[in-house]
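Worksheet: the structure to be examined is printed underneath.
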Amino acid sequence: GDLDLLYGPELQTAGRASVVIRGTGPAFGFDFSSPIRQMEARGPFADLDGDGDLDVVNHHPRLNTTRHGASAAVRYQFGAGLVGQYGLLPVVGARGPVRVGLPVATLLRSGRPGATGVLAVGTTPAAIPLWQGTVHLVPDVLIPVTLSAAGGIGEVPWSAPAGLAGLPFFQQLGLADPAAAQGVSLSNGLLIRVGL
């Protein structure tokens, strides 16, 4: 709710870069120690970084910053998966502002249509070689999943309680897949930190 200071080239300049100096209170105080550089561009908008504001989606995505520092949410895909049937590589991602009390969904994409498996969730990262792939976490919870018969996609809806704010956790999808090495395909890893 505080006013920020924005400066940069004139409004008519295409693809202009601006700098935001965060406001620190109602008395026109500003935090000059950590300016935030941001690009302004035209294009479709979506919340790419899960912080609750709209980011520009085009050839060069531009992230706005509504929440930053310790209160910011984090969504980060990492590591390699293990290819399955038809050369499909399962992918795990997330949709929604990853913040306390708001609806979020873990997105499951590019799996074998109709496949069953588990979404592993844990608080400890790992790099465990398994089935010619890598397990990217030590699982604390295994959630059974079934992907759609049309498209091989799914999602697991959830919302974070206040007790998870600031805590990182990891997710990875494992699917039964007869065409994959050892009959299993694996997704990338997904790091999530719940923001305020």
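A few comments on the model shown:
- Residue count for segment 156-192, restricted to those that are more than 19 Å from L108 (Cβ to Cβ), hydrophobic (A, V, I, L, M, F, W, C) and in a strand (DSSP E or B): 1
- Residue that is in contact with a Ser or Thr (Cβ under 8 Å, 6 or more places away or on another chain) and modelled with pLDDT of 65 or more, where the choices are G122, G111: G111
- In this entry, G84 passes the filter for residues that are out of contact with any helix residue (DSSP H, G or I) (no Cβ under 7 Å at 6 or more places or on another chain) and surrounded by 21 or more Cβ atoms within 10 Å (Cβ to Cβ).
- Within segment 158-196, the set of residues being surrounded by 19 or more Cβ atoms within 10 Å (Cβ to Cβ) and among the aromatic types (F, W, Y) comprises F169, F170.
- Here H136 clears all of (1) more than 18 Å from the chain's Cα centre (by Cα); (2) in a strand (DSSP E or B); (3) not aliphatic (A, V, I, L, M) except the condition numbered (1).
- Test result for P97, at pLDDT 85 or above, part of a loop (DSSP other than H, G, I, E, B) and surrounded by 13 or more Cβ atoms within 10 Å (Cβ to Cβ): no
- Of everything in segment 78-93 that is touching a Gly at 6+ places or on another chain (Cβ under 6 Å) and more than 11 Å from Q172 (Cα to Cα), the residue that is modelled with the lowest pLDDT is L89.
- Qualifying residue in segment 27-39 (condition: modelled with pLDDT under 90 and closer than 26 Å to Q172 by Cβ): no
- Set V100, V184: member being touching a residue at least 60 places away in the same chain (Cβ under 8 Å) and touching a helix residue (DSSP H, G or I) at 6+ places or on another chain (Cβ under 6 Å): V100
- When segment 107-133 is filtered for residues that are part of a loop (DSSP other than H, G, I, E, B) and either farther than 22 Å from G154 by Cβ or small (G, A, S) (or both), the ones remaining, listed by number, are S110, G111, G114, A115, T123, Q132.
The values are calculated or read from the model by the stated rules, or taken from the named source; none is laboratory data. The model shown is predicted, which means the values in this text are computed figures rather than measured ones. Methodologically, a virtual Cβ is constructed for each residue, glycine included, from the backbone with ideal geometry; neighbour enumeration extends over all protein chains shown.
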